[in-house]
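**Q** The structure that follows is given in the form of structure tokens.
Here, each number is a calculation from the coordinates, and none is a lab measurement. This is a predicted model, so every value here is computed, not measured. No Cβ is skipped: glycine too gets one built from the backbone with ideal geometry, and neighbour counts run over all protein chains shown.
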Amino acid sequence: MHRHGCGLLAAWSTAWLAGRACYDDVIDAVVGDEVHRVAGLPGQSDPVPLGWALSALRERGETRLRTVLPVPGDPRGLPGPGSFSTAAMQAGDGVLGLSLGLTRDVGDGTVLWTAHEVCDVRPDPITVAEADNDLAVTLRAAARALAALDVARWRPEAVSL
């Protein structure tokens, strides 16, 4: 779960917030065999279980969560300066709602999520031209990787394709 934890939390939680997944399925999919706690939730002095935090997010009016994957030089998706943006940039990922962002620290069998209050959260729209460019760059990289693997050697008929 460590590698895709933010994506899992965002996807499953959004499905639950929209009424398309049941609470138990969300907890099973995201938590697995690990202990997940959320620290810094407004109104809570101690860390709370992740499931409790999800209910609190719903009570705050969150309707969806999204994953942010910032890297140095490309902070798209971050809400601007603040503790969430700093923590997400350092971690390379985070989960963002309308009023709260979550970042995580993974330990041995435990995941500690930290809640950060955020404001003025709007998705950074990507233009069609940017999406087209990103796709073209990725396709070229994939083609180079396949060429380096010499896939045609495995299937001689592939050369004529």
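**Q** Rounded to the nearest 0.05, what FRET efficiency do ALA148 and ASP74 have when you use their Cβ-Cβ distance and R0 = 22 Å?
**A** My answer for the efficiency is 0.25.
**Q** Take every DSSP beta bridge with both residues inside the stretch 5-117 and express the antiparallel ones as a percent of the total, to the nearest 5.
**A** Of the beta bridges lying entirely in the stretch 5-117, close to 75 percent run antiparallel.
**Q** Under a 5 Å amide H to amide H cut-off, with H placed in plane at 1.01 Å, what residues pair with VAL111 once short-range neighbours are removed?
**A** Amide H neighbours of VAL111, under 5 Å, 5+ apart: VAL35, HIS36, ARG37.
**Q** What number, in percent, do you get for the relative contact order of the stretch 81-151 if the mean sequence gap of Cα pairs under 8 Å and at least 6 apart is divided by its residue count?
**A** This gives 22 percent for the stretch 81-151.
**Q** Rounded if a/c is under 1.5, else prolate if a/b is larger than b/c, else oblate: which is the stretch 4-68, with a ≥ b ≥ c the root eigenvalues of its Cα gyration tensor?
**A** oblate
**Q** Follow-up question, since we're still on this one. Treat every Asp and Glu Cβ in the stretch 5-117 as -1 and every Lys and Arg Cβ as +1, leave all other atoms uncharged, and give the resulting dipole magnitude about the Cα centre to the nearest 20 debye.
**A** The calculation lands at about 440 debye.
**Q** Still on this structure, please answer the following. By its C-alpha gyration tensor, with a ≥ b ≥ c as the square roots of the eigenvalues, how is the stretch 66-152 shaped: rounded for a/c under 1.5, else prolate for a/b larger than b/c, else oblate?
**A** Note, shape of the stretch 66-152 comes out oblate.
**Q** In percent, how large is the relative contact order of the chain, given Cα pairs closer than 8 Å and 6 or more residues apart?
**A** That works out to 20 percent.
**Q** Which angle from 0 to 90°, rounded to the nearest 10, does the C-alpha axis of helix 5-17 make with the longest principal axis of the chain?
**A** The answer is roughly 60 degrees.
**Q** To continue, here is another question. Going by average Cβ density within 10 Å per residue, which order do the peptides 19-28, 77-86, 4-13 take, highest to lowest?
**A** 4-13, 77-86, 19-28
**Q** Taking +1 at the Cβ of each Lys and Arg and -1 at the Cβ of each Asp and Glu, which of LEU139, VAL118, THR63 sits farthest along the dipole of the chain towards its positive end, judged by Cα position relative to the Cα centre?
**A** LEU139
**Q** Compare the peptides 34-47, 93-106 by average per-residue count of other Cβ atoms within 10 angstrom and give them in order, highest first.
**A** Ranked from most to least packed, the peptides come out as 93-106, 34-47.
**Q** While we're on this one: When 1/r is averaged over all different Cα pairs and the result inverted, which Kirkwood radius in Å belongs to the chain?
**A** Evaluated over the chain, this radius sits at 17.7 Å.
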